[in-house]
Amino acid sequence: MREIDFLEMEGEAGAQEQVVSLPKVGAITQYLALLGLAVFLPFFHLQMVTGPLVNAILFIATVVLGWRKAVSIAFIPSIVAFSVGLLPVALGPMIPFIMVSNVILVMIFHALWRKNYWLGVGSASVAKFVFLFGSGQVIFNLILKKDLAGPVASVLSWPQLYTALLGGIIAYVFLKFVKRI
């Protein structure tokens, strides 16, 4: 936190210094920029572009802002993607699971990225993929006919691993460029 000194006058007794902490404007701006991108990207309607960029935002937010703020951003993209039609209606029941998978990505990456960035990206991406794939198989087999469950659940399989790993690469290039890693 940046600190600014203020003087508080105590009558005739003289001045006593008091320190007041102000939030970093830069951190707020970074948070709002990443949150804005997370909201805006699903409007492109191209999952193979939007997915990697959203995952990159989650990795970048974790490094730059910390896991708490990254988690708060993790909930937004799937809601927006569903509301603008990027996610098919059949994936509606998966929205909470997609949100949780984004939180899993952030938390595992947060735990590992300082030790080894690529271990963090790889582990987080695989965990997100496994969680989404498994959740999709269970949920869709419960609510859809067997012949529909497989094709609908396939959206939550290998493309999720691909978009998460590519997001990690994009984030790495960005973070190297701004010298954050």
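Candidates in region 1-58 are the residues that are closer than 24 Å to G85 by Cα and of a type in the set (F, W, Y); of these, the one that is modelled with the lowest pLDDT is F44. Pairs linking a residue in region 24-42 that is of a type in the set (G, A, S) to a residue that is surrounded by 13 or more Cβ atoms within 10 Å (Cβ to Cβ) and not in a helix (DSSP H, G or I), with Cβ atoms under 6 Å and 6 or more positions apart or on different chains, do not occur. Exactly one residue out of K69, K115 is among the charged types (D, E, K, R), modelled with pLDDT of 85 or more and either within 11 Å of the chain's Cα centre (by Cα) or over 19 Å from A171 (Cα atoms) (or both), and it is K69. Can you tell me which residue within region 124-138, out of those that are of a type in the set (V, I, T) and within 23 Å of the chain's Cα centre (by Cα), is modelled with the highest pLDDT? Ranking the qualifying residues of region 124-138, first place goes to V126.
The values are calculated or read from the model by the stated rules, or taken from the named source; none is laboratory data. The structure displayed is predicted, hence computed values, not measured ones. Please note: Cβ atoms are built from the backbone with ideal geometry, for glycine as well, and neighbour counts cover all protein chains shown.
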